[in-house]
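*Asks:* This structure is in structure tokens; I'll ask about it shortly.
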Amino acid sequence: MEIQKQKISNGVKEIISEFESPMHKIAKEQFEEAAEILNLDPNLRDRLKKPARALVVSVPIKMDNGRVEVFQGYRVQHDSVLGPTKGGIRYHPDVNLGEVAALAMWMTWKCALVGLPYGGAKGGIRVDPNKLSINELERLTRRFTAEIFPLIGPTQDIPAPDVGTNDQIMAWMMDTYSQQIGYSVPGVVTGKPISIGGTYGRPEATGQGLVYVILETLKNMKISPKNSTAVIQGFGNVGENVARLLSEQGVKIIAVSDIQGGIYNKRGLNISEVIKYKEKNKILRGFPNAQNITNDELLELSATILCPAALSGVITEKNADKIKAKVLVEGANGPTTPGADKILNKKNIFIIPDILANSGGVIVSYFEWVQDIESYFWDIEEINKKLFKIITSAFYRVWDFSKKKKVSMRQAALMSGINKIAEAHKLRGLYP
Ligand code: NAD
């Protein structure tokens with residue numbers, strides 16, 4: 001009995017210590033700074049610093065070799081004052097409770113900032129999806145969905161794809177949820193294939209949104225896209241679409257990378273050829289007419305635009321001083337540490353912060369959810385028109401706020417989001 005109690009207590013300690021991840025510290029630090037400038041009520045500060053709900057689940061699945069393996073999964077809901085919570089599902093070997101909690105908090109500020117009727121959530125499984133067969137991946141996804149079933153639903157909490165997950169995984173999640181309910185519930189997840197209630201424009205939505213805010217920034221800086229260069233880290237859903245859509249606007253993409261490293265050509269890369277090369281070879285290294293470079297070297301290249309679109313914490317106090325781009329547009333969530341942020345601001349690098357820059361994904365996810373509820377679907381022109389309107393008006397709101405309050409673009413974005421959440425909490429009060 002004592003041994004059992006000790007085991008449980010050690011397990012709980014392990015989980016609690018996971019909360020103290022570097023990413024959660026960054027999210028809390030950013031929040032504290034913005035809350036301080038906003039002079040936020042201390043009672044509310046304590047409530048918003050922690051997630052409203054965090055579920056840790058064990059996900060046992062039968063591997064193809066007949067053995068059972070148990071994976072650790074998470075779903076965290078940060079705040080639901082504005083509506084159901086919303087956020088992606090990440091499959092990656094580094095996923096932990098603190099990371100998921102940080103990403104959930106950023107989702108709250110992001111949805112509030114761009115005016116969506118959602119709170120923030122995030123989920124994930126600590127797993128390398130590349131090491132699983134397609135059947136193992138399906139069993140993992142279905143069992144995970146069953147484990148987090150009590151928390152999710154179209155009026156409760158709506159997952160979407162993130163790093164390591166895609167439309168097929170969303171289809172399995174939607175099917176598993178629907179099987180338990182007894183009828184099809186397309187609105188339980190977004191980022192699904194079109195044929196089962198997905199929307200036009202979702203696969204490229206985050207990249208498209210990033211490109212809209214980049215073009216507005218260039219316009220304000222009086223730099224023509226044709227005279228601009230861009231460097232992009234990560235060549236997955238976000239990075240590949242940014243590269244493709246920016247090159248269609250005439251921007252010269254001089255370097256791109258994936259987990260294995262980057263490729264660089266100062267005269268510009270032919271992005272449609274790079275996409276074909278990646279499809280065939282699975283990696284970017286070795287692409288003809290380009291020099292292989294490391295992910296660290298890529299970040300320090302001279303370019304008009306730098307877009308980190310892979311993982312968090314890649315721009316730190318160690319390399320911030322070496323960043324030469326004029327504009328840093330954050331495709332990834334949390335790519336810049338607070339220490340690095342201060343250095344970049346001193347260097348007058350214009351930063352379009354993650355919660356604004358990459359909000360195109362959740363904006364079009366919102367469109368998908370609305371269409372699923374109404375069972376009435378829109379065409380791509382309508383999607384892009386609405387996306388452009390929402391993201392560019394948020395961009396100018398943040399820009400004006402930053403000038404008026406003399407704060408950075410990041411602080412302005414966070415303060416706008418936090419302010420909206422604070423106002424809603426004040427109006428709704430504290431139950432009971
Ligand atoms: P993805 O899994 O499709 O692609 C990730 C890319 O990053 C891949 O090219 C991978 O090789 C690369 N990568 C992984 N680890 C790396 C490392 N250590 N160094 C360099 N490259 C590495 O993921 P995604 O959906 O494109 O998401 C990328 C980032 O954008 C994440 O931070 C995610 O949270 C954020 N984001 C995604 C969406 C979306 O709609 N998919 C929306 C908002 C924000």
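The values are calculated or read from the model by the stated rules, or taken from the named source; none is laboratory data. Not measured: the values here are computed from a predicted model. Positions of Cβ are backbone-derived with ideal geometry, glycine not excepted, and every protein chain shown enters the neighbour counts.
*Asks:* List the number of the failed condition for Ala102; all other conditions in (1) buried (at least 24 other Cβ atoms within 10 Å of the Cβ); (2) closer than 26 Å to Ile391 by Cβ; (3) more than 12 Å from the ligand (Cβ to nearest atom) hold.
*Replies:* (3)
*Asks:* Report whether or not Tyr183 is free of Cβ contacts under 8 Å to residues at least 12 places away in the same chain and of a type in the set (Phe, Trp, Tyr).
*Replies:* For Tyr183, the condition - free of Cβ contacts under 8 Å to residues at least 12 places away in the same chain and of a type in the set (Phe, Trp, Tyr) - is met.
*Asks:* Going by what's in this entry, would Thr145 be described as part of a loop (DSSP other than H, G, I, E, B) and among the polar types (S, T, N, Q)?
*Replies:* So Thr145 does not fit the description; no.
*Asks:* Something else about it: When region 301-311 is examined, which residues are found to be surrounded by fewer than 24 Cβ atoms within 10 Å (Cβ to Cβ) and under 13 Å from the mean Cα position of the chain (by Cα)?
*Replies:* The answer is Ala310, Leu311.
*Asks:* Taking Leu430, is it more than 20 Å from the chain's Cα centre (by Cα), among the aliphatic types (A, V, I, L, M) and farther than 16 Å from Tyr118 by Cβ? Spell out how you get there, then give the answer.
*Replies:* On the way: more than 20 Å from the chain's Cα centre (by Cα): yes; among the aliphatic types (A, V, I, L, M): yes; farther than 16 Å from Tyr118 by Cβ: yes.
Yes; evaluated as a whole, the condition is true for this residue.
*Asks:* Can you give me the ranges of the helices (runs of 4 or more DSSP H) entirely in region 281-392 with at least 1 residues that are polar (S, T, N, Q)?
*Replies:* 295-299, 338-346, 360-374
*Asks:* Contact list please: Cβ distance under 6 Å, first residue in region 389-417 and small (Gly, Ala, Ser), second residue surrounded by 21 or more Cβ atoms within 10 Å (Cβ to Cβ) and not in a helix (DSSP H, G or I), pairs at least six apart or on different chains.
*Replies:* Ala413/Pro353
*Asks:* Within region 229-270, count every residue that is within 8 Å of the ligand (Cβ to nearest atom), among the hydroxyl-bearing types (Ser, Thr, Tyr) and assigned to a helix (DSSP H, G or I).
*Replies:* 0
*Asks:* All but one of (1) in the same structural domain as Ser312 (by TED's automatic domain parsing); (2) buried (at least 24 other Cβ atoms within 10 Å of the Cβ); (3) within 16 Å of the ligand (Cβ to nearest atom) hold for Lys192; which doesn't?
*Replies:* Of everything listed in (1) in the same structural domain as Ser312 (by TED's automatic domain parsing); (2) buried (at least 24 other Cβ atoms within 10 Å of the Cβ); (3) within 16 Å of the ligand (Cβ to nearest atom), Lys192 misses just condition (1).
*Asks:* Can you pull out every residue in region 298-327 that is touching a strand residue (DSSP E or B) at 6+ places or on another chain (Cβ under 7 Å) and not hydrophobic (A, V, I, L, M, F, W, C)?
*Replies:* Taking region 298-327 and keeping what is touching a strand residue (DSSP E or B) at 6+ places or on another chain (Cβ under 7 Å), we get 298-299, 301, 303-310, 314-315, 323, 325-327.
Matches in region 298-327: Thr304, Pro308, Lys326.
*Asks:* Anything in region 359-381 that is exposed (fewer than 14 other Cβ atoms within 10 Å of the Cβ) and either of a type in the set (S, T, N, Q) or within 14 Å of Val188 (Cα to Cα) (or both)? List them, or say none.
*Replies:* Ile373, Glu374, Ser375 - these are the residues of region 359-381 that are exposed (fewer than 14 other Cβ atoms within 10 Å of the Cβ) and either of a type in the set (S, T, N, Q) or within 14 Å of Val188 (Cα to Cα) (or both).
*Asks:* Working only within region 278-300, note down all residues that are buried (at least 20 other Cβ atoms within 10 Å of the Cβ) and either away from the ligand (no atom under 13 Å from the Cβ) or modelled with pLDDT under 95 (or both).
*Replies:* Phe287, Ala290
*Asks:* If a residue has to be in a strand (DSSP E or B) and near the ligand (Cβ under 8 Å from one of its atoms) to count, how many in region 153-173 make the cut?
*Replies:* If we filter region 153-173 for residues that are in a strand (DSSP E or B), which is where we start, we get 153, 157-161.
Those left that are additionally near the ligand (Cβ under 8 Å from one of its atoms): 160-161.
So the answer is 2.
*Asks:* Also, I was wondering about something else. Determine whether Thr217 is of a type in the set (Val, Ile, Thr) and within 14 Å of the ligand (Cβ to nearest atom).
*Replies:* Here the answer is no, as Thr217 does not meet what is asked.
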